[in-house]
1. Can you tell me which residue in segment 184-206 is farthest from the ligand (Cβ to nearest atom), limited to those that are touching a strand residue (DSSP E or B) at 6+ places or on another chain (Cβ under 7 Å) and within 19 Å of Ser26 (Cα to Cα)?
2. Could you go through segment 104-125 and let me know if any residue there is outside the structural domain of Leu288 (by TED's automatic domain parsing), assigned to a loop (DSSP other than H, G, I, E, B), out of contact with any strand residue (DSSP E or B) (no Cβ under 7 Å at 6 or more places or on another chain) and among the charged types (D, E, K, R).
3. Pull up segment 35-79, narrow it to residues that are among the small types (Gly, Ala, Ser) and assigned to a helix (DSSP H, G or I), then point me to the one that is nearest to the ligand (Cβ to nearest atom).
4. Name every residue in segment 126-178 that is among the basic types (Lys, Arg) and not in a loop (DSSP other than H, G, I, E, B), in order of residue number.
5. Could you run through segment 84-103 and say how many residues are touching an Asp or Glu at 6+ places or on another chain (Cβ under 7 Å), within 16 Å of the ligand (Cβ to nearest atom) and either assigned to a helix (DSSP H, G or I) or small (Gly, Ala, Ser) (or both)?
6. Enumerate the strands (runs of 3 or more DSSP E) found wholly within segment 277-376, keeping only those where 2 or more residues are in contact with a Leu (Cβ under 6 Å, 6 or more places away or on another chain) and either loosely packed, with under 14 Cβ neighbours inside 10 Å or not hydroxyl-bearing (Ser, Thr, Tyr) (or both).
7. May I ask you to say which residue of Tyr181, Tyr217 is in contact with a Cys (Cβ under 8 Å, 6 or more places away or on another chain) and either part of a loop (DSSP other than H, G, I, E, B) or away from the ligand (no atom under 11 Å from the Cβ) (or both)?
Amino acid sequence: MKNYRNDFPILEHKTMLSSCSQSAMSKQVLSSLEDYQKSLVESGMDWERWMEITNLAKAKFAALINCNPSEVAILGSVSDCISSILHALPLSGKEVVTTEMDFPCIGQSILAQQKRQNFNVKFIPSEDNIIPIDHYKTYVTEDTAITCIPHVSFYNGFKQDLKAISKIVHAKGSLLFVDAYQSAGSVSIDVKRDNIDILVAGMQKYLLGIPGIAFMYVKKELAESLEPSTIGWFGQKDIFSFQFSRLEYGESAQRFNTGTPPVINGYVANAALDYILSIGMDTIEERLITLSNFTVQEALNRGLQLHSPISIENKGPSTAIYCGNSSLMEQLLRDKGFILSARKDVIRLAPHIYNNEDDIIRALDTIKFLLPKTLT
Ligand SMILES: Cc1ncc(COP(=O)(O)O)c(C=O)c1O
């Protein structure tokens, strides 16, 4: 297997295990930032190239999740995506189902939308840091308009079976919205195979990019049945017709585009997706399964308390270790040259293709050493 470490300059002086928050930047991705800067310095204005690069990024995201590029909209964040979808759906008199393991922006957007449309909200509870699949059979009903779930949990890497959940929620007549921010770039995704209606992801985590851009897949037939109300001129059928008194939704998911896309983020997304696709999702996934398994075993060997599933079948690459005061743990690790990300009461160990077993051993040993300071 190729050694990818040399592509990531930061690894010369830091141990980065924070892909659940911000991954390391490859030389290829860093040079895309320079490309954009060069276009500003040399051409001044180059809309053709800027749009070409942004659309290339979209096409690569579409290839990553197996859909047509016209089924992908470009927005600024996952929060933007969920708000846009909820605004577009007729929800009055229905119910919206989500889970206790979703990232907070999902529940928050649903509650904000509930102030505008009169619907019932249900939060599926977690049990021992996972969501038993049978909960979907209980909580999703014939009244459910949309069920919003994370593919992989931000808190502990718990991974859900999208195909099985899709079958359950569709049998009740509900749409399925998947937040794939923690899985895209680490777990293979196929929206057609798993029959997903809407899937969203940003670039900052396992996709090896930066914040400020998110992609939203909306199945063509669904997109064309919706009339979004958070819109912009880049979501129109003919963007450059400049018809101020006409609203004509763009084809498929293009109607969810808003204003001028984030071009610099598009440059980075294009380079980062190129990097991921050139390695291949199967290769990345296989390596991350090995590292995930290794992390779990080595953490257990050291007597560390896991808040992640132990079985790799329902776990992404991120492993959550209970440490009490997790922001103190994050800071103490940073002081020792380890970049890891804290959430609630856990520190998350989230490797990518550029990490090796030695990174994990050293991080676990250091966490164990620091625990007496953070558990008190
Ligand atoms: C699963 C998941 N969804 C959404 C978000 C937030 O995304 P955004 O800041 O793009 O709204 C995060 C950020 O950590 C996340 O992990």
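1. Ala184
2. There is at least one residue in segment 104-125 that is outside the structural domain of Leu288 (by TED's automatic domain parsing), assigned to a loop (DSSP other than H, G, I, E, B), out of contact with any strand residue (DSSP E or B) (no Cβ under 7 Å at 6 or more places or on another chain) and among the charged types (D, E, K, R).
3. Restricting to residues being among the small types (Gly, Ala, Ser) and assigned to a helix (DSSP H, G or I), the top hit is Ser79.
4. Lys137, Lys159, Lys163, Lys167
5. So the count comes out to 0.
6. Numbers: elements: 319-322, 341-343, 346-349.
Of the strands (runs of 3 or more DSSP E) lying wholly inside segment 277-376, those with at least 2 residues that are in contact with a Leu (Cβ under 6 Å, 6 or more places away or on another chain) and either loosely packed, with under 14 Cβ neighbours inside 10 Å or not hydroxyl-bearing (Ser, Thr, Tyr) (or both) span 346-349.
7. Tyr217
One line per residue, one yes/no per condition, for (1) polar (S, T, N, Q); (2) in contact (Cβ under 8 Å) with a residue 40 or more places away in the chain:
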residue	(1), (2)
Asn6	yes, no
Pro9	no, no
Ser18	yes, yes
Met45	no, no
Ile53	no, yes
Cys67	no, yes
Gly76	no, yes
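The values are calculated or read from the model by the stated rules, or taken from the named source; none is laboratory data. Source: prediction; values computed, not measured. All Cβ positions, even for glycine, are placed from backbone atoms using ideal geometry, and neighbour counts span all protein chains on display.
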